[in-house]
Amino acid sequence: MDNTSLADILKLDVPDRLRLVQAIWDSIAEAPESVPLTDEERAVLDRRLEDYYRDPHAGSPWSDVRARILRRA
């Protein structure tokens, strides 16, 4: 890691910080096996996946969910 400090990062404008966060997140997503899950987290994910397989149309599309969230704000 180079000598970039948190203070230096916080001096960046918001769009640049968002790009940095996205780059960090993308690098983590490339190696999902490096993010450990607890047994409880794994059980929750397994249940949700089973629910999806039982009825893949039970949920709402992102556009509907987003619209509901934005109406609350």
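Each value in this text was obtained by applying a stated rule to the coordinates, not by laboratory testing. These numbers come from a predicted model, not from an experiment. No Cβ is skipped: glycine too gets one built from the backbone with ideal geometry, and neighbour counts run over all protein chains shown.
List of remarks:
- Stretching the chain fully between Arg54 and Ala7 yields a gain of 12.1 nm (0.36 nm per residue, less the alpha carbon separation).
- The structure shown yields Cα Rg over 2.2 N^0.38 Å, and of the options (i) 0.96; (ii) 1.63; (iii) 1.42 that calculated value carries the label (ii).
- A simple spin-label model places the labels of Arg17 and Ala31 2.6 nm from each other, with each point 7 Å out along Cα-to-Cβ.
- Its DSSP H runs of at least 4 residues, each contributing -39,500 (n - 2.57), put the calculated 222 nm mean residue ellipticity of the chain at -21000 deg cm²/dmol, to the nearest 500.
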